Amino acid sequence: MKEKSGIIITGGIIGLFAVLLVYFGNPANMGFCVACFIRDTAGALGLHRAEVVQYIRPEIIGLVLGSFILSSMNKEFSSRGGSSPVTRFVLSIVVMIGALVFLGCPLRMILRIAGGDFNAVVGLAGFISGICVGIFFLNKGFNLKRSYKLTNLEGYLFPAINVGLLALLIIAPAFLFFSKSGPGAASAPIWISLAAGLIVGALAQKSRLCTAGATRDLILFRDNYLMLGFLSILAAALVGNLVLGKFNPGFAEQPIAHTDGLWNFLGMALAGWGSVLLGGCPFRQMILAGEGNTDSAVCAIGLLVGAAISHNFGLASSAKGVTPNGQIAVGICFLILLAISWANSEFLSKNAQS
Amino acid sequence: MKTIDTCGMSCPQPVLMTKKALNEEKDGIDVIVDNNTAKGNVLRFMKSAGYSVEIEEKDGTFVLKAKK
């Protein structure tokens, strides 16, 4: 019971902080969004030049460092990696492309639903469908092989990079890009965002909260532990939005969202399938990267590159809708996921084993 | 007692491997895990499947012994 109350509290605080971050200046229904925030960071570094989405988001830095600090204190920090890093890199690019066609990572999907955005309910249907496809391959033996223990320095580097990003944000040298309008210009004060990230990062390290694992474990093992976290994010953000009068139910004119149901569904299906293959959603990958998991650090870099590709190639959606390039990319990404799923399952090795 | 080694495997492999092994060895198995997340997940799965579980720690890994 103690274990379950931990994840319920973690989910509740994420939901509550998400609403408060919007209150303090973050874009609507975007208190936390790992995809959007890594995309904004990619923009600030000049990896893409979409002028409205450029800002080094302290929430991401906080998540990584919160997880790093707590895992170091409770001796759970463990530097490890080497489990198919290039495959994970490619999978992460796919997850980011899917998320930016939908306009949000799975965590923002929950927050969008809590704000009354019904398009995100369509996204959730896609997300669950994608997870089910991933589970099919897990049951066929899909795995990315084992990881290995590495030197401590290897695990420290990703948290150190995040300290560097924080320094860049505070110093704000002229070679960085910061949006003057649009979502990239909407942000809570740095210290509030950083504190929220640190607290949530530590709590998520302790409770293992994962938005993709929630549905996966429920279907695969009838284990509702992670689902309790998922649902308490939704409940807390919903209550918070109702209290602050930010709950606006409907499909049309939702903040930083489009109404194209098919592509909301398919974008999130990619994110769900890819997240199951990666072993966790983008949010969970940030926490694992803070714990010294360098496969998850590779995932973070894949998400960053995926964001740059999405905006440089015109794949990302906007409030105006989906782009033709984005639709083609989603099709290609499904083929990539299918190939990776198939090649790492027992379809190929079965004959060899028997 | 059959022993399975889940060291280095990422989520949800340790639990999947445990589930598969328990389907074949219904009396019980030993599962080696190398991190607290996998320990918690495998422990929860074994208990919900109706096994009593003993945990031994050695050299940074844990052995979860499931018995009927």
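The values are calculated or read from the model by the stated rules, or taken from the named source; none is laboratory data. The model shown is predicted, which means the values in this text are computed figures rather than measured ones. Using ideal geometry, Cβ is built from the backbone for each residue, glycine included, and neighbour counts are taken over all protein chains shown.
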Selected residue (only one of A:160, A:214 is modelled with pLDDT of 95 or more, more than 14 Å from chain B (Cβ to nearest Cβ), in a helix (DSSP H, G or I) and closer than 27 Å to residue A:77 by Cα): A:160
Selection within the range B:1-41 - among the hydroxyl-bearing types (Ser, Thr, Tyr) and touching a helix residue (DSSP H, G or I) at 6+ places or on another chain (Cβ under 6 Å): B:6, B:18
Any hit, the range A:333-347, residues being more than 15 Å from residue A:133 (Cβ to Cβ), of a type in the set (Asp, Glu) and in a helix (DSSP H, G or I): yes
Residue within the range A:311-319 that is under 25 Å from residue A:217 (Cα atoms) and not small (Gly, Ala, Ser) present: no
Among the residues listed as A:274, A:197, A:280, the single one being crowded, with 23+ Cβ neighbours inside 10 Å and touching a Cys at 6+ places or on another chain (Cβ under 7 Å): A:280
Helices (runs of 4 or more DSSP H) enclosed by the range A:1-117 - at least 1 residues per element that are of a type in the set (Lys, Arg) and buried (at least 24 other Cβ atoms within 10 Å of the Cβ): A:34-44, A:85-102, A:106-114
Unique match (being surrounded by 24 or more Cβ atoms within 10 Å (Cβ to Cβ) and touching a strand residue (DSSP E or B) at 6+ places or on another chain (Cβ under 7 Å)) among A:257, A:212: A:257
Residue A:265 over 21 Å from residue B:41 (Cβ atoms), touching a Ser or Thr at 6+ places or on another chain (Cβ under 9 Å) and surrounded by fewer than 18 Cβ atoms within 10 Å (Cβ to Cβ): no
Which numbered condition residue A:114 fails, given (1) farther than 24 Å from residue A:305 by Cα; (2) within 12 Å of chain B (Cβ to nearest Cβ); (3) touching a helix residue (DSSP H, G or I) at 6+ places or on another chain (Cβ under 8 Å); (4) not hydroxyl-bearing (Ser, Thr, Tyr): (2)
Hey, residue A:122 more than 14 Å from chain B (Cβ to nearest Cβ), in contact with a Phe, Trp or Tyr (Cβ under 6 Å, 6 or more places away or on another chain) and in a helix (DSSP H, G or I) or not: yes
Pick from the range A:132-157, criterion among the charged types (D, E, K, R), within 17 Å of residue A:85 (Cβ to Cβ) and not in a strand (DSSP E or B), ranking: nearest to the other protein chains (Cβ to nearest Cβ): A:146
Counted residues, the range B:32-52 - those being under 9 Å from the mean Cα position of the chain (by Cα) and free of Cβ contacts under 8 Å to residues at least 24 places away in the same chain: 1
